[in-house]
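Notes follow once the structure below has been shown.
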Amino acid sequence: MSLPEKYKKPYESKDVESVVYKRELNSGLFNPDMLVQKFPKKYADSKTWTSITPPPNANGRLHAGHALDVTLKDIIGRYKRMQGLQVLLLPGSDHAGFETQVVYEKKLEKEGRSRFGMDRAELYKEIYDFTHVNKETVTSEIKRIGASYDWSRDTFTLDAKVVSGVQKTFIKMHEDGLIYRGKRDCNWCSKHQTSLSDVETDKKEVVTTFYTFKLGDFNIATSRPETKITDKYVVVHPDDNRYTSYKHGDTFEAEWVLGKSTFTVIKDDSIDPEFGTGAMTITPWHSGIDFAIAKKHGLDMVQLIDDYGKFTDVAGELKGLKATTVGRAKVVEILSEKGLLVDKDENYKTIVPVCYKCETLIEPQLKDQWFVKMESLAEIALQASQDGKLNFISDQYRKTFEHWMKNPIDWNISRQIVWGISIPAWFKNKGTDTEEFYIGNTAPKGNEWIKDEDTFDTWFSSGQWPIATLGFTDSDDFNRFYPTQLMETGRDLIFKWVPRMVIFGLYLAREVPFKDIYLHGMALDSKGQKMSKSKGNVMSPIDLADEFGMDALRMALIVGNAPGNDIPVSNEKVKAYKKFVNKLWNIARFVLENTNEEDDNFDTTIDNIHVENFKKVKYEITKNLDNYQLHLASEELYQYVWHEYADVVIEEIKKDLSSENKKVLRYLFKQILIVTHPFMPFVTEEIWSDFADVSKDNLLLVQDWE
RNA sequence: GCGCGAUUAGCUCAGUUGGUAGAGCAACUCAUUUACACUGAGAAGGUCGGGGGUUCAAGUCCCUCAUCGCGCACCA
């Protein structure tokens with residue numbers, strides 16, 4: 001046959017990629033229903049193989065890490081599909097409640113606006129529109145990577161079916177006694193005006209001053225004097241013999257910030273006698289630990305600092321001062337003037353919690369919030385892991401998972417933001433002593449009930465993602481595809497996301513949502529630094545693909561990246577695989593120039609050393625794909641294609657282009673296309689079209705692996 | 001403080017039940033228009049962080065130390 005013109009010049013990825021993706025997409029074969037319909041012989045009786053894709057936040061462009069995520073899943077998915085399984089890679093996107101709201105607030109800030117004071121519905125509408133524009137960008141970028149996702153099942157976390165299902169889950173959990181509302185210490189961000197879960201806070205080391213003040217017969221040490229204004233309990237360890245003259249419950253009068261006041265001595269063994277002076281006063285409203293002590297002994301709690309970080313009425317003349325800055329200075333000044341400052345250490349290092357988005361100091365606040373009781377849920381998740389129902393591809397993450405499940409903390413699922421799924425709860429006399437609540441989709445009778453304005457923590461909905469995307473537990477898709485086979489996502493989601501999906505899966509469906517858990521590492525820049533917008537080192541997979549081709553980028557992300565390890569991405573590495581793609585292109589040219597369809601009837605029963613060698617390589621590649629060792633599989637492939645097939649097989653055969661040799665050449669090359677396809681779908685599918693009639697869905701996408 | 005990783009060629013990293021150290025990139029020598037210069041052939045480069053142990057045999061298993069990274073929790 002005559003050589004198609006395109007092979008007379010180097011491979012042009014840009015010309016090919018969009019054409020190939022459209023060809024594959026339009027075949028409908030990314031949809032498992034179409035696989036069965038179009039190729040019943042191969043797929044009608046086969047099992048399903050499903051992976052729910054992590055929903056990327058619909059609030060921006062993709063970075064190289066997303067490309068790694070998509071590539072890994074797509075390679076496995078394409079491989080399983082060629083093996084004859086009904087593959088479903090289910091895409092979606094996440095409204096990413098707090099994350100998106102933060103991004104949008106920054107936009108508002110730039111425009112000189114603020115969400116505070118905006119009409120709730122209006123704000124929601126604006127963020128919705130913003131998100132939808134971004135969602136389209138994200139979707140088109142994922143398609144560029146070559147994702148063989150079933151877009152007909154694309155799901156958004158704010159789709160009506162997801163919203164109602166998530167709300168139903170909340171109602172069910174309440175009925176099962178797993179939800180409670182209560183005043184409890186919360187992580188409060190005074191900038192964003194919302195509470196956050198523990199995984200949404202970061203730790204920051206600060207150097208501050210550690211003060212010791214005299215309080216009656218006690219010396220009290222603190223790094224946060226401003227919280228001490230209204231303290232009235234002194235806590236010491238029961239066995240501390242320095243304080244034996246006071247018994248638990250004894251009271252004494254002493255001079256303090258706002259004048260003379262009465263203090264009560266509390267003995268509690270959670271105090272470390274070695275730390276500071278072994279005595280402390282407690283501020284239950286603004287400290288989790290203090291709250292625990294106060295709750296245990298039934299002590300009074302007062303709010304000293306308001307939601308904006310300023311002193312409340314109880315601070316008397318200090319009311320309205322910003323607590324952590326002028327407030328602190330003022331308190332130190334007052335106590336010093338009274339001669340109560342005993343000591344100060346100005347080089348005290350401590351770690352404080354900050355908002356993971358804005359680094360504002362988290363001020364613990366007692367708030368009425370919705371909490372999920374985690375203990376029993378964590379226990380079943382731990383059990384599932386210990387029973388071997390979860391297969392962590394790199395076992396280090398099992399330990400992390402189980403550690404977390406052994407130390408569950410009740411989960412605050414209320415957020416004081418509009419961008420999210422509304423909590424189906426209603427209040428009567430909210431904020432008063434006679435407050436009542438009702439949980440349900442519609443308000444009870446009577447017009448005194450008002451809707452809860454809070455929304456769910458975004459992880460409350462994404463935790464249900466494997467079930468929600470399949471239409472919840474009573475749908476056909478659920479029965480057909482649940483439990484899924486693979487959860488592949490970033491290692492940073494081991495806390496935020498993975499355990500919650502396991503828990504919800506076990507709770508709602510009584511089965512783990514997936515068996516294999518592949519946690520990939522982070523994509524780093526060429527210097528090994530984490531990519532971030534502020535550092536300006538974010539690499540766009542689209543830009544890299546424009547320069548080197550998407551197949552090259554996919555290979556560069558996979559080769560040498562052992563599961564769970566971070567991977568530096570450099571232009572040099574992508575460039576190296578661009579050469580590999582071109583090599584394949586030129587091999588195709590050679591094979592097409594020297595063989596034709598008549599050479600297709602190779603008898604595979606004939607002994608041939610080249611065929612034997614290939615079989616061994618294919619066996620290894622298959623084994624490594626089955627074990628999710630993609631870094632090994634891809635490297636073997638590279639070595640074989642370049643240094644065996646091109647350097648040895650072609651070189652040998654071109655000296656003797658016998659009919660027999662041509663058949664071997666052609667047969668092996670078609671096999672190579674099959675094995676290479678999951679890794680480099682674009683160039684292989686394009687070359688395939690010169691070896692087969694692709695007009696009737698005879699795509700490389702659905703060729704038999706075996 | 002607790003936990004988890006990492007330490008292998010100049011650089012970036014592989015090395016799957018213990019069996020004579022691998023790749024890509026870079027650098028070096030040669031080939032000079034070949035299916036492919038986005039090329040081919042070849043050579044060079046590592047006492048596998050230090051120390052100890054188990055074993056016939058250790059990059060691999062155990063102990064210990066050092067350095068780096070990450071996670072969790074911090075204490076007023």
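Once you have all Cα-Cα distances for chain A, histogram them in 20 Å bins from zero and send the whole-percent values.
The distribution over chain A is 15, 41, 28, 13, 4, 0, given as percents.
Could you tell me which of the pairs A:LYS496/A:LYS578; A:LYS47/A:LYS696; A:LYS322/A:LYS530; A:LYS110/A:LYS373; A:LYS135/A:LYS430; A:LYS399/A:LYS535 are separated by over 29 angstrom between their Cα atoms in the structure shown?
Violating the 29 Å limit, Cα to Cα: A:LYS496/A:LYS578; A:LYS322/A:LYS530; A:LYS110/A:LYS373; A:LYS135/A:LYS430; A:LYS399/A:LYS535.
Leaving out ligands, DNA and RNA, and with a 1.4 Å probe, what % of the accessible surface on the stretch A:550-706 is carbon or sulfur?
Roughly 46 percent, rounded to a whole number.
Which of the trypsin sites (Lys or Arg not before Pro) found in the stretch A:320-374 are loop residues per DSSP with 16 or fewer other Cβ atoms within 10 Å of their Cβ?
When the trypsin sites (Lys or Arg not before Pro) of the stretch A:320-374 are filtered for loop state and at most 16 Cβ neighbours within 10 Å, A:LYS338, A:LYS373 remain.
Skip the ligands, DNA and RNA, and give the accessible area per residue of the stretch A:573-677 with a 1.4 Å probe, whole Å². Please list the in-between numbers first.
Details: 4760 Å² over 105 residues.
That works out to 45 Å² per residue.
If you roll a 1.4 Å probe over the stretch A:117-239 with all protein chains in place, what percent of the accessible area is carbon or sulfur?
Numbers: 2370 of 4860 Å².
Looking at the stretch A:117-239 in its full context, I get 49 percent from C and S.
I'd like to check one number: the per residue accessible area of the stretch A:504-559, probe 1.4 Å, reported in Å² as a whole number.
Per residue, the stretch A:504-559 has 39 Å² of solvent-accessible surface.
Over the alpha carbons of the stretch A:461-509, what is the largest minus smallest coordinate on each principal axis, giving the biggest first in Å?
Each principal axis gives a Cα extent; for the stretch A:461-509 these are 32, 18, 15 Å.
Computed on alpha carbon atoms, what radius of gyration and Dmax characterise the stretch A:415-573, expressed in Å?
Looking at the stretch A:415-573, its Cα Rg and Dmax stand at 22.1, 69 Å.
Express the carbon and sulfur contribution to the solvent-accessible surface of the stretch A:441-512 as a percent, rounded to the nearest whole number, probe 1.4 angstrom.
Solvent-exposed carbon and sulfur of the stretch A:441-512 make up 46 percent of the total.
So, taking all protein chains as they sit and a 1.4 Å probe, how much accessible area belongs to A:HIS132, in Å² rounded to tens?
The value for A:HIS132 is about 60 Å².
Just the number, please: Stokes-Einstein D of the stretch A:1-62 in µm²/s, Kirkwood Rh from C-alpha pairs, 37 °C, 0.692 mPa s.
My calculation gives 211 µm²/s for D.
Keeping all protein chains in the complex and leaving out DNA, RNA and ligands, what accessible area do you get for A:VAL354 with a 1.4 Å probe, in Å² to the nearest 10?
10 Å²
Over what distance in Å are the Cα centres of the stretch A:670-686 and the stretch A:243-322 separated?
Using only Cα atoms to place each centre, the spacing works out to 69 Å.
Can you give the translational diffusion coefficient of the stretch A:125-189 in µm²/s, computed by Stokes-Einstein from the Kirkwood radius over Cα pairs at 20 °C and 1.002 mPa s? Numbers along the way, then the final one.
Numbers: Rh = 15.5 Å.
This corresponds to a translational diffusion coefficient of 139 µm²/s.
What percent of all Cα-Cα pairs in the stretch A:179-291 falls in each 10 Å bin, counting up from 0?
Going out from 0 Å in 10 Å bins, the stretch A:179-291 shows 12, 39, 31, 17, 2 percent.
Can you give me the pair-distance distribution of the stretch A:346-416, C-alpha pairs, 10 Å bins, whole percents?
Histogram of Cα-Cα distances, whole percents per bin: 15, 30, 30, 21, 3, 0.
Using the Kirkwood formula on the Cα atoms of the stretch A:1-127, what hydrodynamic radius do you get, in angstrom to one decimal?
Computed over Cα pairs of the stretch A:1-127, the Kirkwood hydrodynamic radius comes out at 18.7 Å.
Rank these by accessible area, largest first, 1.4 Å probe: A:ARG120, A:ARG491, A:ARG415.
The most accessible residue leads, giving A:ARG120, A:ARG491, A:ARG415.
Using only alpha-carbon positions, what ratio does the radius of gyration of the stretch A:532-673 give when scaled by 2.2 N^0.38 Å? Intermediate values should be presented prior to the final figure.
Details: Rg = 17.8 Å, N = 142, 2.2 N^0.38 = 14.5 Å.
Scaled against compact globular proteins, the figure is 1.23.
Using unit Cβ charges (K, R positive; D, E negative) and no other charged atoms, how large, in debye to the nearest 20, is the dipole of chain A about its Cα centre? Could the numbers behind the result be given before it?
Working: 93 positive and 109 negative charges, 127 e Å.
With Lys and Arg at +1 and Asp and Glu at -1, about 620 debye.
Could you compute Rg(Cα) / (2.2 N^0.38 Å) for the stretch A:87-132, with N its residue count?
So the Cα radius of gyration is 1.42 times the expected 2.2 N^0.38 Å.
To the nearest 500 deg cm²/dmol, what mean residue ellipticity at 222 nm is calculated for chain A from DSSP H runs of n ≥ 4 alone, each contributing -39,500 (n - 2.57), summed and divided by the residues?
-11500 deg cm²/dmol
Using only Cα atoms, locate the centre of the stretch A:38-109 and the centre of the stretch A:481-504, then give the distance between them in Å, rounded to an integer.
13 Å
The values are calculated or read from the model by the stated rules, or taken from the named source; none is laboratory data. It should be emphasised that the depicted structure is a prediction, and the values quoted were computed from it without experimental measurement. Every residue, glycine among them, receives a Cβ derived from its backbone with ideal geometry; neighbour counts consider all protein chains shown. Accessible surface is based on the protein model in full, side chains and every heavy atom, while ligands, DNA and RNA are left aside. Shrake-Rupley method; radii C 1.70, N 1.55, O 1.52, S 1.80 Å.
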